[in-house]
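First up is the structure itself, then whatever we jot down about it.
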Amino acid sequence: MSIRIKTAKQIEGIRKSAKLAAETLKYLEQFAVAGNTTDFINAKAHEFMLRHKAIPATLNYNKFPKSICTSVNDVVCHGIPGEYELKDGDILNIDVTTILDGYYGDTCKMFPIGKISENAQKLIDVTKNCLKIGVDQCYPGNRFGNIGYEINQYAVSQGYSVVYEFCGHGVGVAFHEDPEVCHVADKNSGKRMREGMIFTIEPMINEGKARTKIDKNDGWTARTIDGKLSAQFEHTILITGQGCELLTDVYGEY
Ligand code: MF3
Ligand code: CO
Ligand code: CO
């Protein structure tokens, strides 16, 4: 399969959708507090997306039952919103994917609930740095493998492990397009980035072992194999003539 080069019209559409995904995350911040259930946050996210004429991409995607993913503590990704009540010290990831006018935007970030441990804060900081380090590799002519190579080098140097069972992905016209953007990779491996490509980088970084296991009952929730914490950040990224544009960084946090 080949990597789509987006047209100017597609880029415009994806930019709008990505902006809305980022705005959804920003809107949800006020609800990421102790005592709220993850289902309540899901309901707020669902309403917000519909109000802005978007469809939540995860709802009914391969039978995923909710409008966002909420992944708490040892949940690596694909947590299903439910009756779980957030409590002081939790670390929560919310992953939002919007479909606006047929175009996809995909982003996630961490929300500390109340006062979190120093360990949890360091994990979050390092994971955010991992995304930045990946973004630094985004320019035309560079190879996709260098994203994962640099992320892994850094994460390991900080004493963490990088999840290799889930990857970033091309995005925009569909939810998951080519290429797979792995967060562990060999230097100078993979295809070259070209102007007009749009994809995500979404490193999942673990305190302990890299391995994950999927919940047998729901078939989605991916947890760390050892029960230790995991964190994740995600941006939708456009390769430009010079470098890249972070389509989901509408608040200049990067
Ligand atoms: N948003 C996730 C990603 O970054 C995918 C979620 S798929 C779901 O690729 F089905 F779990 F919602
Ligand atoms: Co994604
Ligand atoms: Co996502």
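The values are calculated or read from the model by the stated rules, or taken from the named source; none is laboratory data. Predicted, not measured: the structure shown is a model, and the values here were computed from it. Positions of Cβ are generated from backbone atoms using ideal geometry, with glycine treated the same way; all protein chains shown enter the neighbour counts. Ligands, DNA and RNA are stripped out before the accessible areas are found, and what is left, the full protein with its side chains, is counted by its heavy atoms. Shrake-Rupley method; radii C 1.70, N 1.55, O 1.52, S 1.80 Å.
Extension gain, residue 157-residue 211: 0.36 nm per intervening residue step, less the Cα-Cα distance, totals 17.6 nm. Candidates 221, 199, 189 compared by Cα position along the dipole of the stretch 174-227: farthest toward the positive end lies 189, with charges placed on Cβ.
Computed from backbone phi, the HN-Hα couplings of the stretch 15-30 come to 4, 5, 5, 5, 4, 5, 4, 5, 5, 5, 4, 4, 4, 6, 3, 4 Hz, rounded to whole numbers (Karplus: 6.51 cos²θ - 1.76 cosθ + 1.60, θ = phi - 60°; Gly and Pro given as x).
Label positions at residue 61 and residue 119, each projected 7 Å from the Cα along the C-beta direction, are separated by 3.1 nm. Out of every Cα-Cα pair that the stretch 19-127 contains, those further apart than 20 angstrom amount to 35 percent. Within the same chain, aspartates and glutamates fewer than 8 places from residue 187 are excluded, and of the rest, those with a Cα less than 14 Å from its Cα are 150. Phi angles across the stretch 184-200 convert, under the Karplus curve 6.51 cos²θ - 1.76 cosθ + 1.60 with θ = phi - 60°, into 3J(HN,Hα) values of 9, 7, 7, 4, 6, 9, x, 6, 8, 6, 10, 3, x, 7, 10, 7, 9 Hz, Gly and Pro given as x. Between residue 194 and residue 85, the distance separating the two model label sites (each 7 Å from Cα on the Cα→Cβ line) works out to 5.5 nm.
If the chain linking residue 101 and residue 174 were pulled fully straight, counting 0.36 nm for each residue of separation and taking away their Cα-Cα distance, it would gain 25.1 nm. Taking each residue as 0.36 nm, the span from residue 254 to residue 139 lengthens on full extension beyond its C-alpha to C-alpha distance by 39.8 nm.
For residue 77, the shell of other residues with beta-carbons less than 10 Å away shows a net charge of -3, using +1 for Lys and Arg and -1 for Asp and Glu. For the chain, a simple Cβ point-charge model (Lys and Arg +1, Asp and Glu -1, everything else neutral) yields a dipole of about 480 debye relative to the Cα centre. Report note on the peptides 79-88, 239-248: ranked by the mean count of other C-beta atoms within 10 Å, highest first, their order is 239-248, 79-88.
Counting only protein heavy atoms and a 1.4 Å probe, the stretch 8-246 has 42 square angstrom of accessible area per residue. The convex hull around the C-alpha trace of the stretch 8-246, projected and averaged over every direction, spans 11.8 square nanometres. Share of the chain's accessible area from carbon and sulfur, percent, 1.4 Å? Answer for the chain: carbon and sulfur cover 50 percent of the accessible area. Averaging Cα coordinates gives a centre for the stretch 60-132 and one for the stretch 208-247; these two points are 9 Å apart. Computed over neighbours whose Cβ is under 12 Å from that of residue 226, the net charge equals +3, Lys and Arg +1, Asp and Glu -1. Candidate cross-link partners of residue 19 among the lysines, defined by an alpha-carbon separation under 25 Å and a same-chain spacing of 8 or more, comprise 6, 9, 44, 53, 66, 109, 128, 132.
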